[in-house]
Amino acid sequence: MSANGISDRAVRREPRSGFPRRICMSSFPTDRYGLVHRDAALHAGFSDEQLASAVERGDLVRVHPGVWVTSSGRPHGPDAAESLHRLRALAVATSGPTRAHPLSHVSAAAVHGLSMLHPDLNVVHVTTGRPYGGSIRTQRHLHAAPLEPEEITEVDGVRVTSVERTAVDVACMGTFAQAIVVFDAALRRGADPDVLADTLSRRRRTSARNAKRALPLADGKAESVGESWSRAQIIDAGLPIPTLQREFIIDGQRYRSDFDWDGLLIGEFDGLHKYGRLRRTDETATDVVVREKLREDRLRAEGLTVTRWTWATLERRQLVPLLRPQLEKLGLVAA
């Protein structure tokens, strides 16, 4: 292990002549984040030709100039884009001229693990801490803005803006729905509501309009982006705001709903992660679906109306047309 925290696996440098030999991906030296830095690779005995060949084959994926991730370490799945941005942000934070500045905005959110709705992940964001010196380049946005000492923290060994400052920065750049999502996520992670409000109060009214509308409506009980986005669409439509995560006890069994309207209508958001989150030890996905169906049957047997929707419902803006007739039928909104 080298002094800079890079794990070195000594590899003999091949002669410059001839074809570069095929390299086992696991032999690349990686840092604590799984990143391969050019300097560390050269120190471990690799050549630039070997690195270039690995990129051409797809064994290495570039995340920043002179920094790669192995193909096996590249994120996959529904959160792949945000996870890959996190790696790009960590690469910026550990190399290059901007590493003295803390990560901020969506990049800090990715490092904190804050959920976001349709974030723009094209560039890595850092903040100077001064009201001057900002710039925008192809892969990096350097924000010129003051930072108080308490607005900077350290996560995984890199400097980032605090959860509260990060949430406000992201919210002020987005729509009302995007602001609701990130504020919900921040509260879920233990953000101080008073600090959020104080930080937001110092923002210009024009840039913070959506954020200032969203913060009083934020609720850390929302468990996913989909639940937060659902609530944003409900609020935008002027429908009654539901109670989140209400518990019902039926025949001695405890049941919890995503959304509840006066104990009459239950709303359930079925996201990609939900059944995985609900899965118990030794249960299959099918077991979870069956258990959820039985839970829904018991709620209906108690006279509750249960309605479900998915991410596609939100994308197609079909949630309000789904809910309004049911709320009208139950007398929860005027017909």
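Only one residue in 161, 138 is touching a residue at least 40 places away in the same chain (Cβ under 8 Å) and of a type in the set (Ser, Thr, Tyr), so which one is that?
Working: 138 fails: touching a residue at least 40 places away in the same chain (Cβ under 8 Å).
After applying the criteria, what remains is 161.
Within the group 137, 130, 189, which residue is surrounded by fewer than 20 Cβ atoms within 10 Å (Cβ to Cβ), outside the structural domain of residue 33 (by TED's automatic domain parsing) and closer than 20 Å to residue 229 by Cβ? Lay out the reasoning, then the answer.
On the way: 137 fails: closer than 20 Å to residue 229 by Cβ; 130 fails: closer than 20 Å to residue 229 by Cβ.
Checking each option against the conditions leaves just 189.
Of the residues that make up the stretch 67-80, is at least one closer than 25 Å to residue 168 by Cα and aliphatic (A, V, I, L, M)?
The answer is yes; a qualifying residue exists.
Go through the stretch 212-231 and give me each residue that's in a helix (DSSP H, G or I), over 15 Å from residue 268 (Cα atoms) and of a type outside the set (D, E, K, R).
Those that are in a helix (DSSP H, G or I), over 15 Å from residue 268 (Cα atoms) and of a type outside the set (D, E, K, R): 214, 215, 216, 217.
For the stretch 116-141, name all the residues that are in a loop (DSSP other than H, G, I, E, B) and under 17 Å from the mean Cα position of the chain (by Cα).
Matches in the stretch 116-141: 116, 117, 118, 119, 120, 121, 122, 123.
Could you pull out the residue among 184, 169, 194 that is assigned by TED's automatic domain parsing to the domain that holds residue 105, surrounded by fewer than 16 Cβ atoms within 10 Å (Cβ to Cβ), of a type in the set (Asp, Glu) and in a helix (DSSP H, G or I)?
Of 184, 169, 194, the one residue that is assigned by TED's automatic domain parsing to the domain that holds residue 105, surrounded by fewer than 16 Cβ atoms within 10 Å (Cβ to Cβ), of a type in the set (Asp, Glu) and in a helix (DSSP H, G or I) is 194.
For residues that are over 13 Å from the mean Cα position of the chain (by Cα) and in contact (Cβ under 8 Å) with a residue 12 or more places away in the chain, tally how many sit in the stretch 90-115. Let's see the steps before the verdict.
Start the filter on the stretch 90-115 by keeping residues that are over 13 Å from the mean Cα position of the chain (by Cα), which leaves 90-104.
Now drop any that are not in contact (Cβ under 8 Å) with a residue 12 or more places away in the chain, which leaves 90-96, 98, 101-104.
Summing the residues that are over 13 Å from the mean Cα position of the chain (by Cα) and in contact (Cβ under 8 Å) with a residue 12 or more places away in the chain in the stretch 90-115 gives 12.
List the number of the failed condition for residue 92; all other conditions in (1) out of contact with any His (no Cβ under 9 Å at 6 or more places or on another chain); (2) in the same structural domain as residue 156 (by TED's automatic domain parsing) hold.
Checking residue 92 against (1) out of contact with any His (no Cβ under 9 Å at 6 or more places or on another chain); (2) in the same structural domain as residue 156 (by TED's automatic domain parsing), the one that fails is (1).
Counting only residues that are out of contact with any Ser or Thr (no Cβ under 7 Å at 6 or more places or on another chain) and on the phi > 0 side of the Ramachandran plot, how many does the stretch 65-104 have?
Going through the stretch 65-104 one residue at a time, the tally reaches 2.
Which one of 156, 198 is at pLDDT 95 or above and acidic (Asp, Glu)?
Working: 156 fails: at pLDDT 95 or above.
Exactly one residue qualifies, and that residue is 198.
Select from the stretch 71-86 the residues that are without any contact (Cβ under 8 Å) to a residue 40 or more places away in the chain and not charged (D, E, K, R) and write down the one among them that is nearest to residue 160 (Cα to Cα).
Among them, the one singled out is 85.
Restricting the stretch 201-211 to residues that are out of contact with any Leu (no Cβ under 7 Å at 6 or more places or on another chain) and at pLDDT 95 or above, which is farthest from residue 270 (Cα to Cα)?
So, considering only residues that are out of contact with any Leu (no Cβ under 7 Å at 6 or more places or on another chain) and at pLDDT 95 or above, the one farthest from residue 270 (Cα to Cα) is 201.
Yes/no per residue for (1) of a type in the set (D, E, K, R); (2) surrounded by 19 or more Cβ atoms within 10 Å (Cβ to Cβ); (3) touching a Cys at 6+ places or on another chain (Cβ under 7 Å):
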{"residue": "79", "(1), (2), (3)": "yes, no, no"}
{"residue": "85", "(1), (2), (3)": "no, yes, no"}
{"residue": "97", "(1), (2), (3)": "no, no, no"}
{"residue": "100", "(1), (2), (3)": "no, no, no"}
{"residue": "104", "(1), (2), (3)": "no, yes, no"}
{"residue": "107", "(1), (2), (3)": "no, yes, no"}
{"residue": "117", "(1), (2), (3)": "no, yes, no"}
{"residue": "121", "(1), (2), (3)": "no, no, no"}
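The values are calculated or read from the model by the stated rules, or taken from the named source; none is laboratory data. The structure presented is a predicted model; accordingly, all values stated were derived computationally and were not measured. Quick reminder, even Gly has a Cβ in these numbers, built from the backbone with ideal geometry, and neighbours come from all protein chains shown.
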